[in-house]
Amino acid sequence: MSQWYGYVGKIAFVDLSREKVDARELNPEDANAFIGGVGLAAKIIVEELEDPKIDPLNPENVLVFMTGPLTGTPVYGSGRYVVAAKSPLTGAWGEAHASGYWGVELKKAGFDGIVIKGRASDPVYLYVHDGEVEIRDASKLWGLDTFETDEDVRKELGDTEVKVATIGRAGERLARIACIVSDVQPPGPRVAGRAGLGAVMGSKNLKAVTVRGTGKVAVKDSQRVVSVLSRLLPLITSFPVTQILAAYGTAGEVEEFYEYGDMPAKNFTLGEFDYKSIRGQAFKERGLVIRSHGCWACPVKCWKVVKINGREMRAPEYETIAALGSLLMIYDPEYLVKANEICNRYGMDTISAGVTIAWAMEAYEKGLLTKEEIGGLELKWGDKETVLRLLKMMGEREGFGKILSEGVKRASAIVGKGSEELAMHVKGLEVPMHDPRAFKGMGLQYATSNRGACHLQGLTFRIEQGLRMLDLGIHERVDRFEHGGKGRIVATMQAWHEVVESLVLCKFIDIPPAHVAGLYTFVTGMRKTLPELLTAGRRIFTLKRLFNVACGIARKDDVLPKRFLKEPLKEGGAQGQVVELEPMLKEYYEYMKWDENGVPRKEALEELGLLDYAGKLGVSISS
């Protein structure tokens, strides 16, 4: 294509084993079919990964950093990027997302994405700048935490404006819950947290990917983009959830989620607890929050910066507050800030860390773990100091922390003795901080999400709270405790969120879908209707499912922890509820045109143009 709009039109392919960099032109047909972001990442991984059954920590695993056609444009919430690879945590599809400014800087540096294979003989980092990609020595960076790495890279390059995406010591040590941290400088950091992709970087001896650019993202019809955004701004800022985010960040949603019975405590066994001490308002009431900050093109500014003992730190998000707070029966804001920073410095997913520690605490309480097995520690609910110590042990992979850093599925399998039933995960990915007994559709979403238990790939609970997505054909009010009709709703929301994560947009800024379709057209000059975008979303979701099938995922894996199916909460907003998964799953499979084993049928693949991909992946399909 002679002139790209929205897209840069170039992707860097890096082979660390051969120390080779190849800049390839983006294929317009790929952009049309898979949009960008996670869609292009999925297409590239399926094509570039020689064997889907490969060990995720094998050098030949393919790691992709990708932006979308809206990244770096004036469109609200367009500062995000995606990282994808086969996950060392689940052994299947893995992806993680982060906001901030790193993705924007990558496009300014001349690339839509970076594809990385191989393993460097010694630690390296990538320096991407104005159309060039350098492989640089990182031996002096190896062993540093994420904050130190960010600072030292800036000093080495003599440029305070570079954006750094890095792993910490957890990723270097191949902890399967390791994440990738970017935009560390105040008021950061931002984290691509889920699926253990920091360990994939570590397995490649890749410490960081640093980007710096002076270019701009071209927009086809900037006047119409500005016109649409000016009309949308009053609407977006008037939404109640947006106002909560602006005031308190995602911590402001603690009270609402608690009242629904959605926020978990004591490893998903309690429905009533001291939520008021850790809600967003509590951070402000204690005088901890000193200012707000936003990502690229953000009118909401949900980042909150706190100050403790003269030090400025990132305020924890809702997921972290619940995972390292109520899930462990700890209700102390100052502790949560410290625990969050430990995880950010080591580069560890706070959700996975909290869920795994909660499993260990319950196993210890039930006599399935002994004091001797955990190195003389006592794992008691509410013990802040022990949790802080455990987090450091997990980051260093020392003692019992080495087992915990494997994630809850592997840790429970190592310990055995029935502790597996206390492990809250789907497909190996720890359950996030939304209890599906409060929103039944979330149970189906967790069971079928391609990366494992994921609240973001669908956000079905928003529909079950009463939101109607008229543009998507969801007109009815939905009872959160009913299971009928949830198959269609979950499938529709999953397809839409594949679109959002391919464009790539922030989910906290609720631009109506019809307007998103218009903005895509005005930015890129490539006309797509909303139904066409939804078809692309379903194509992307289905391609990832095919990849998972090739990795061994099947109907047997579309399950939930027994606790959600058999153990109702005794109190709270979801009292007495369990998830009726089977009827929802049956409806979902039929709607998606999958067979009884969860494999997309020939009809579905033909509709989406994916039949050849099934052949490449070696997936047997039925008619």
With the requirement that a residue be more than 23 Å from residue 580 (Cα to Cα) and β-branched (Val, Ile, Thr), what does the range 407-447 give you? 408, 414, 415
Using beta carbons and a limit of 6 Å, which pairs, at least six apart or on different chains, have the first residue in the range 208-224 and over 28 Å from residue 124 (Cα atoms) and among the β-branched types (Val, Ile, Thr) and the second one buried (at least 22 other Cβ atoms within 10 Å of the Cβ) and at pLDDT 95 or above? 217/72; 217/73; 217/107; 219/73; 219/523
Exception for residue 173 within (1) in contact with a helix residue (DSSP H, G or I) (Cβ under 8 Å, 6 or more places away or on another chain); (2) closer than 21 Å to residue 101 by Cβ falls at (2)
Selection over the range 381-394 where residues are touching a residue at least 24 places away in the same chain (Cβ under 8 Å) and in contact with a Gly (Cβ under 7 Å, 6 or more places away or on another chain) yields a count of 2
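Do you know which residues across the range 604-620 are part of a loop (DSSP other than H, G, I, E, B) and crowded, with 20+ Cβ neighbours inside 10 Å?
Here is the first cut: in the range 604-620, the residues part of a loop (DSSP other than H, G, I, E, B) are 609-610, 618-620.
Listed by number, the list holds a single entry, 610.
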Taking the condition of being under 16 Å from residue 82 (Cβ atoms) and out of contact with any Cys (no Cβ under 8 Å at 6 or more places or on another chain), how many residues in the range 497-531 meet it? 10
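What's the total number of residues in the range 574-603 that are surrounded by 20 or more Cβ atoms within 10 Å (Cβ to Cβ) and either out of contact with any Pro (no Cβ under 9 Å at 6 or more places or on another chain) or assigned to a helix (DSSP H, G or I) (or both)? Write out each step before concluding.
Filtering the range 574-603 down to residues surrounded by 20 or more Cβ atoms within 10 Å (Cβ to Cβ) leaves 574, 577, 579, 581, 584-585, 587-589, 592, 594, 598-600.
Filter once more, keeping what is either out of contact with any Pro (no Cβ under 9 Å at 6 or more places or on another chain) or assigned to a helix (DSSP H, G or I) (or both): 581, 584-585, 587-589, 592, 598-600.
The qualifying residues number 10.
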Could you figure out which of (1) closer than 30 Å to residue 272 by Cα; (2) among the charged types (D, E, K, R); (3) in a helix (DSSP H, G or I) isn't true of residue 571? (3)
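Condition first: in contact with a Pro (Cβ under 8 Å, 6 or more places away or on another chain) and not hydroxyl-bearing (Ser, Thr, Tyr). Now tell me which residues in the range 236-264 satisfy that.
Taking the range 236-264 first, the residues in contact with a Pro (Cβ under 8 Å, 6 or more places away or on another chain) are 236-237, 251.
Result: 236, 251.
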Selection within the range 59-78 - in contact with a strand residue (DSSP E or B) (Cβ under 9 Å, 6 or more places away or on another chain) and not hydroxyl-bearing (Ser, Thr, Tyr): 59, 60, 61, 62, 63, 64, 65, 66, 68
Picking from 318, 275, 331, which residue would you name as being modelled with pLDDT of 95 or more, more than 14 Å from residue 257 (Cα to Cα), surrounded by 19 or more Cβ atoms within 10 Å (Cβ to Cβ) and among the hydroxyl-bearing types (Ser, Thr, Tyr)? 331
Would you be able to tell me the number of residues in the range 184-207 that are in a loop (DSSP other than H, G, I, E, B) and under 18 Å from the mean Cα position of the chain (by Cα)? 4
Given the criteria over 26 Å from residue 175 (Cβ atoms) and free of Cβ contacts under 8 Å to residues at least 12 places away in the same chain, does residue 294 qualify? yes
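Check 228, 181, 241 and return the single one that is surrounded by 22 or more Cβ atoms within 10 Å (Cβ to Cβ) and either part of a helix (DSSP H, G or I) or not assigned by TED's automatic domain parsing to the domain that holds residue 316 (or both). Before the answer, list the steps.
Values: 228 fails: surrounded by 22 or more Cβ atoms within 10 Å (Cβ to Cβ); 241 fails: surrounded by 22 or more Cβ atoms within 10 Å (Cβ to Cβ).
Only one candidate qualifies: 181.
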Does residue 379 satisfy being more than 24 Å from residue 104 (Cα to Cα), surrounded by fewer than 24 Cβ atoms within 10 Å (Cβ to Cβ) and at pLDDT 95 or above? yes
Only residues that are part of a loop (DSSP other than H, G, I, E, B) and surrounded by 24 or more Cβ atoms within 10 Å (Cβ to Cβ): list them for the range 417-431, please. 423, 424, 427, 428, 431
Somewhere in the range 522-532, is a residue within 25 Å of the chain's Cα centre (by Cα), surrounded by fewer than 22 Cβ atoms within 10 Å (Cβ to Cβ) and not acidic (Asp, Glu)? yes
Go through 335, 331, 346, 364 for me and flag whichever is without any contact (Cβ under 8 Å) to a residue 24 or more places away in the chain and outside the structural domain of residue 170 (by TED's automatic domain parsing). 364
If we scan the range 410-421, do we find a residue that is under 17 Å from residue 178 (Cα atoms) and either among the hydrophobic types (A, V, I, L, M, F, W, C) or at pLDDT below 95 (or both)? yes
Going through the range 138-166 in order, the residues found to be in a helix (DSSP H, G or I), touching a strand residue (DSSP E or B) at 6+ places or on another chain (Cβ under 8 Å) and either buried (at least 21 other Cβ atoms within 10 Å of the Cβ) or not basic (Lys, Arg) (or both) are 146, 149, 150, 153, 157
Could you list, in sequence order, the residues of the range 320-362 that are among the acidic types (Asp, Glu), part of a helix (DSSP H, G or I) and more than 18 Å from residue 306 (Cβ to Cβ)? 362
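Within the range 271-296, work out how many residues are hydrophobic (A, V, I, L, M, F, W, C) and outside any loop (DSSP other than H, G, I, E, B). Spell out how you get there, then give the answer.
Narrowing the range 271-296 to residues hydrophobic (A, V, I, L, M, F, W, C): 273, 278, 282-283, 288-290, 295-296.
Among the residues that remain, those that are also outside any loop (DSSP other than H, G, I, E, B) are: 278, 282-283, 289-290.
Here the count works out to 5.
The values are calculated or read from the model by the stated rules, or taken from the named source; none is laboratory data. Since this is a predicted model, take the numbers as computed values, not measurements. Quick reminder, even Gly has a Cβ in these numbers, built from the backbone with ideal geometry, and neighbours come from all protein chains shown.
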